[in-house]
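For reference, the structure is listed below as structure tokens.
Read-outs: derived from the displayed coordinates by stated rules, not from any lab. All values derive from a computational prediction rather than experimental measurement. Using ideal geometry, Cβ is built from the backbone for each residue, glycine included, and neighbour counts are taken over all protein chains shown.
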Amino acid sequence: MPRLKLKFPDREQAAPHIDFALLLIGLLVLAGVFWQYRQVTEEVNYWTNRVERLEKQQQQKAAPRTRAAPRVKEYSQEIRKEITQANVILDQLNLPWETLFDAIEHAATEQVALLSLQPNVGNRTLRINGEAKSMAELLDFVEALERELVFENVHLLNYKIKQDNPHRPIIFLLTAAWMQVS
């Protein structure tokens, strides 16, 4: 069997610049793939967390938090006051905020600006301070709140026309009772 004569390139024929360029291009492609993998992984984590959060909110809506009756034994007057304040805060946290805000947003227009909402948990009323561009817009807002299923007994308590403003907006205060949301 005859011998094979293989010729390897000389050092003069080798192209080390091309070799390094190909290596550099390969490393850049690898870095780009790694960066894209991190981006996709972060996005997957974001959406997974968001889905878990939404599922948790749905579960909380389905089973609202309840609190046990307060166990007040022989505590000092100061501790009783703190317990009462904590119970008030718990009641405020358990307000149907989302339902109330949705109903108010549905009734509100661009002509009515709401300045404050003050809930009273004890008698389930909500005081709304705001500003309307005209009396007709204000009355339409009151009627729209009355039509919302969440509210009843919506009453305009007082209003005042700002004389110092050239547009003459109306500052108002109204009250509405919210019905028990199940």
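Largest first and in whole Å, the equivalent-ellipsoid semi-axes of the stretch 95-178 read 23, 13, 11, each the square root of five times a Cα gyration tensor eigenvalue. Using R0 = 35 Å, the C-beta based FRET efficiency linking ASN165 and THR99 works out to 0.55. The dipole here belongs to the chain: it is taken about the Cα centre, uses +1 on the Cβ of Lys and Arg and -1 on the Cβ of Asp and Glu, and is about 800 debye.
On full extension, the segment bounded by GLU78 and ILE18 gains 13.4 nm, given 0.36 nm per residue less the C-alpha separation. Straightening the chain between LEU139 and ASN123 buys 3.3 nm, computed as 0.36 nm per residue apart minus the Cα-Cα spacing.
Mean separation of Cα pairs under 8 Å and 6 or more residues apart, divided by the residue count, gives the chain a relative contact order of 15 percent. Among the trypsin sites (Lys or Arg not before Pro) within the stretch 113-182, those in coil by DSSP and having at most 13 neighbouring Cβ atoms inside 10 Å are LYS162.
Just the Cα atoms of the chain, one point each, no solvent: what log10 I(q)/I(0) does Debye give at q = 0.09 Å⁻¹? Result of the Debye calculation: -0.62.
Model label points for GLN57 and GLU43, set 7 angstrom from Cα along the Cα-to-Cβ axis, are 2.2 nm apart. Would you mind getting me the FRET efficiency between LEU115 and GLN85? Use the beta-carbon distance for r and R0 = 30 Å, nearest 0.05. Calculated value: 0.70.
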